[in-house]
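Okay, so here's the structure we're looking at.
All of the numbers you see were taken from the coordinates with simple rules; none came from a lab. Worth saying up front: this structure is predicted, and the values here are computed from it rather than measured. Cβ atoms come from the backbone with ideal geometry, glycine included; neighbour counts cover every protein chain shown.
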Amino acid sequence: MSLNKKSISTEHAPAAIGPYSQAVSTGSMVFISGQLPIDPAKGKLLDDTISARTHQVLRNLEAIAKEAGGDLTGVVKTTIFLTDMKDFQEVNTVYASYFPVTPPARSTVQVAALPLGSNIEIEAILLLS
């Protein structure tokens, strides 16, 4: 069985920091790798509040979704990784502003650590129409 998968990449989101794709599509599904709060123009982790970092992560996801031919309205599932659940409410407030209608299914988990010392990472599954 051939999956016919395609790697998706955009300069409007941070480059992968390891051996993975920003996203991979197969058919109408796009699997977007976990995004950190990295400013793609500077290539550096945002040194700011959890709200500002959440905005940056979601802008990165949005840029990849656009490159794939979709947008955030097509996101059907996300996973949020936090190093401190005390940030949950602040993250939730920002997240809700990006998904005002029919928000995707979601899991949020606390982890011991994230790459580059980040305190947040979000991955997504996008369905193209």
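Shown is the FRET efficiency for residue 99 and residue 44, computed with R0 = 22 Å from the Cβ-Cβ distance and rounded to the nearest 0.05: 0.25. Subtracting the Cα-Cα distance of residue 21 and residue 129 from 0.36 nm times their residue separation leaves 36.7 nm of extension gain.
So if I place +1 on the C-beta of Lys and Arg and -1 on the C-beta of Asp and Glu, and nothing else carries charge, what would the dipole magnitude of the range 5-127 be about its Cα centre? I want it in debye, nearest 20.
On the way: 10 positive and 12 negative charges, 63 e Å.
The dipole of the range 5-127 has a size of about 300 debye.
Here each label is just a point 7 Å from Cα along the line to Cβ, and for residue 4 and residue 73 those points are 2.6 nm apart. For residue 6, the aspartates and glutamates whose Cα falls under 15 Å of its own Cα, not counting residues fewer than eight places away in the same chain, are 67.
The residues 10, 49, 78, 54, when put in order of fewest to most other Cβ atoms within 10 Å, stand as 49, 10, 78, 54. Rounded to the nearest 10 degrees, the angle from helix 88-98 to the longest Cα principal axis of the chain is 40 degrees. Remark: 116, 46, 127 ranked as 116, 127, 46, counting other beta-carbon atoms within 10 Å and listing the fewest first. The range 9-23 and the range 27-78 have Cα centres spaced 10 Å apart.
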